[in-house]
Amino acid sequence: MSVRLFSDSACDMTQAEAREIGVTVLPLKTIIDGVEYLDGVTLSASEFYERLAGCKALPTTSQITPAEFTAALGPAVEAGDEAVVVTISAKLSGTAQSAAIAAEGYEGRVYVVDSGNVTAGQNILLRYAVRLRDQGLPAGEIAAELERVKGRICLLARVDTLEYLMKGGRLSKTAAIAGTILNIKPVISVENGEIKVLGKARGTRQSDNLLTEFVDRRGADFSMPVMLAYTGRDDSLLRSYIDSSRALWEGRLAELPIAAVGSTIGTHAGPGAVAVAFFARE
């Protein structure tokens, strides 16, 4: 009997990366101008931002259904294996509930962990699950450990444009227009499973500095997974941020893992966002 790991595409782990480390990532759906795409399967991150630039209306997203989770989990259980499912925050998507409904049919064999997070924050919890699985822990112990540590995850990001927060209803039109005129680029976080604005800065340089300040203040545990992420067609803004925040990473990490944020979260963040995810020190 082995342990199989599952997640949804809001974790922004590519299908190739997932296969390499033995994880199954189920795609959420993104609808752009009436056409439905599978996040990370029929629509890559770069393709999404190309379409986003020219779409007529803000794309919408659709959760994974219980039946889709059952179809993925069933063969694993029938083969005699156990499963752990790490999902996007239940406060941001019904996908977590769909996974829980599917798991009810496999009591004691399938464990669902609501990451309370998204994108790079969800990604590092999943990578920690991979570490625990490779150490030989059973599914129940992996799930319990993930529940224990997930509250330490910090996902901090600075947003380059307010346009998509406004279109998605997370910011008023008046506030968005005023912020754009003043070149405001807020720093946000995921706290208790929801988006929170931590601070505002004018211009890219000041917002990068503010993001670094918040990362430094929270204090990263570099023995645990760390992930940086970006939205947009290329990672140039992220590379610029890495250069400006070099003191945070030098001598602490052999490399900086980077994820491209796909359509599920990119719809609301828009291009040009930079994110940092880590476990805070206990």
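The values are calculated or read from the model by the stated rules, or taken from the named source; none is laboratory data. Just so it is clear, the model here is predicted, and its values are computed rather than measured. Cβ placement follows ideal geometry from the backbone for every residue including glycine, while neighbour counts extend to all protein chains displayed.
Details
- Under the condition of being of a type in the set (S, T, N, Q) and assigned to a helix (DSSP H, G or I), the residues counted in the stretch 214-251 number 3.
- Any hit, the stretch 99-115, residues being in contact (Cβ under 8 Å) with a residue 12 or more places away in the chain and within 14 Å of the chain's Cα centre (by Cα): yes
- Residue check, residue 137 part of a loop (DSSP other than H, G, I, E, B), modelled with pLDDT of 95 or more and surrounded by fewer than 19 Cβ atoms within 10 Å (Cβ to Cβ): yes
- Counting the residues of the stretch 186-213 that are surrounded by fewer than 18 Cβ atoms within 10 Å (Cβ to Cβ) and not in a loop (DSSP other than H, G, I, E, B) gives 12.
- Residues that are in contact with a strand residue (DSSP E or B) (Cβ under 7 Å, 6 or more places away or on another chain) and closer than 23 Å to residue 127 by Cβ number at least 3 in the following strands (runs of 3 or more DSSP E) confined to the stretch 17-74: 23-26.
- Within the stretch 151-165, being surrounded by fewer than 20 Cβ atoms within 10 Å (Cβ to Cβ) and modelled with pLDDT of 95 or more holds for 151, 152.
- Matching residues, the stretch 107-122, being modelled with pLDDT of 95 or more and over 23 Å from residue 265 (Cβ atoms): 109, 110, 111
- Apart from one condition, residue 279 fits all of (1) buried (at least 19 other Cβ atoms within 10 Å of the Cβ); (2) out of contact with any strand residue (DSSP E or B) (no Cβ under 8 Å at 6 or more places or on another chain); (3) touching a residue at least 60 places away in the same chain (Cβ under 8 Å); the exception is (2).
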